[in-house]
Amino acid sequence: MAGLFHILIIGAGTSGLASAILLHRTLSALSIPFRISIFELRSGPATLGGAVNVTPNAVKLLDRLGVLKVLEQAGCSVKTIEIISSRSLKPLGDITFGDVDRYGANSLRIARKDLQAALLAEVERCGMQVSFSKKLDDIEQTPGHIEAIFTDGTRVTGDILIGCDGTHSAARSCIDPDRKPVYTGLSNTYSYVNPKDLSVLPIKDTSAIFECRVGSLLLTWSTPSRTEKLFWAAVMAIDAPEDLSKDGWRSMGDDVAKMKNRVKETYCSERDPQMGFFADLLEATEDDVFFYPVWKLDMSEKWYEGRCVLLGDAAHAMPPLAQGVGLALDDAVMLDRLVQKELEKHKDPSTGISDIKNVIWDDVWKKLVKIRIPRVRKDYDRAVGGFEGLKDKGWFAAMLKGWIVWLYLWLIGVKFDEAFKYDILKEPLD
């Protein structure tokens, strides 16, 4: 293995696997001897997780990665998200989430585990493997190398390390220990259900958000059939446990009956008598019910140190507002583009082969952050502001929002339109 340029990737989520695939293609095409090692905290591929929304800009990048056809067979195409009043079940409007002519694709609602499985299959096809049950403990750097130290005692030396290990990133804690996730005060409870009577569902197309005084309720199909695997997700304001460790949060989600009842009391109360159909869906839910506290990171440009760089939620975790997968893919694509450009500068005129050992990685990281920060900040402000609006602001504010919902939908539509048209491949590299 001597002489191989060794890339260490921490995390087998979207940004980590996409980075591995793209960098593998780039370095292979340039005939650079390399090795990519991927390490994942969990014991195996994801078998759990909700249905994520992949927006049109992200769908096109998944096509570029070669996994879209597989995903389309497992997920549900989404063109609009309906906004429905929880008090009357009347439609208030909708938000465009796909348009092949305008954006080049529709959105895709798909189980997170299916997205990871497709990316893992492509990683394997490239000849790479993921080492599971590898929890990062520390990072040590020298001028020429970086070493990942794991809790099982193993140490792996590489040339660069890409931290893609999510909101509670161990890689970030090694280079920016003071930036820790902040609980937003809102949590998400979600599951899947196979409805017994489709005729009672107020959803006309694929997805609906119910406009409520408190929180937000999403119902969406997540498979091509649109008759099974209806995904429901209820966002509610929930106080943090006294024990703020992972065990404390985990204990809040262990009582499934309590979670279901909390959702029922929030969305099927006397003030919303028309929501009885959702109470029936809760009763019919036989799949596991999951509880997920919503976190955010304070925005920062500290995404790197030495030979280590952070991507995805490890760098800029924010509340989920449709763009999570897209932001992770954009990070991976931009990193790959910058690496390609840098390698062109270090190409030997006589052999045509680039000397990757001469790349100044600090310069690459700086360019990455400079290019990505403006775009990420826009989505961050939108996501944080959107989630703040889900907290209970009283009956009058809820009524006022109902009166001007047309303005709200127009403003949201403008922001999403901008995001869906964005193309990371057209972003200038200078």
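What follows draws every value from the coordinates through simple rules; no lab data is involved. Because the structure is predicted, anything quoted here is derived from the model rather than measured. Here the Cβ is made from the backbone with ideal geometry for all residues, glycine too, and neighbour counts use every protein chain on show.
Listing for the model above:
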{"read-out": "Kyte-Doolittle mean at least 0.0 and Cα axial length at least 27 Å: DSSP H helices in the chain", "value": "324-345"}
{"read-out": "Signed unit charges on C-beta, dipole axis of the range 104-221, positive-most listed residue 202, 163, 217", "value": "202"}
{"read-out": "Residues whose placed amide H lies under 5 Å from that of residue 85, excluding near-sequence neighbours", "value": "90, 92, 211"}
{"read-out": "Rounded FRET efficiency, nearest 0.05, which uses the C-beta distance separating residue 101 from residue 126 and R0 of 51 Å", "value": "0.95"}
{"read-out": "Gain on full stretching of the segment that runs from residue 133 to residue 79 - 0.36 nm per residue minus C-alpha separation", "value": "15.6 nm"}
{"read-out": "Lys, Arg +1 and Asp, Glu -1 on Cβ, resulting dipole of the chain about Cα centre, debye, nearest 20", "value": "720 debye"}
{"read-out": "Karplus-derived 3J(HN,Hα), 6.51/-1.76/1.60, for each residue of the range 91-98, Hz, glycine and proline x", "value": "x, 9, x, 8, 10, 5, 10, x"}
{"read-out": "Inter-probe distance in nm under a simple model that places probes 7 Å from Cα toward Cβ, at residue 149 and residue 277", "value": "5.8 nm"}
{"read-out": "Segment residue 421-residue 31, length gained on full extension (0.36 nm per residue, minus Cα span)", "value": "137.0 nm"}
{"read-out": "At most 14 other Cβ within 10 Å, DSSP loop - GluC sites (Glu not before Pro), the range 292-345", "value": "301"}
{"read-out": "Antiparallel DSSP beta bridges within the chain, percent to nearest 5", "value": "70 percent"}
{"read-out": "Full-extension gain in nm, residue 366 to residue 237, via 0.36 nm per residue minus C-alpha separation", "value": "42.7 nm"}
{"read-out": "Residue 69 paired with residue 261, simple spin-label distance in nm, labels 7 Å along Cα-to-beta-carbon", "value": "5.1 nm"}
{"read-out": "Sum of side-chain charges, residue 153 neighbourhood, beta-carbon under 12 Å (Lys, Arg +1; Asp, Glu -1)", "value": "0"}
{"read-out": "Distance between the range 68-140 and the range 177-247 - C-alpha centres, whole angstrom", "value": "15 Å"}
{"read-out": "Cα-centred dipole magnitude for the range 1-121, charges only on beta-carbon of K, R (+1) and D, E (-1), debye, nearest 20", "value": "140 debye"}
{"read-out": "Highest-MSF residue in the chain out of 154, 227, 14 [GNM, Cα springs under 10 Å]", "value": "154"}
{"read-out": "Point-charge dipole on Cβ atoms (K/R +1, D/E -1) for the range 106-233, about Cα centre, debye to 20", "value": "640 debye"}
{"read-out": "Paramagnetic reach from residue 180 (point 7 Å along Cα→Cβ, amide N under 18 Å) across the range 288-304", "value": "293-300"}
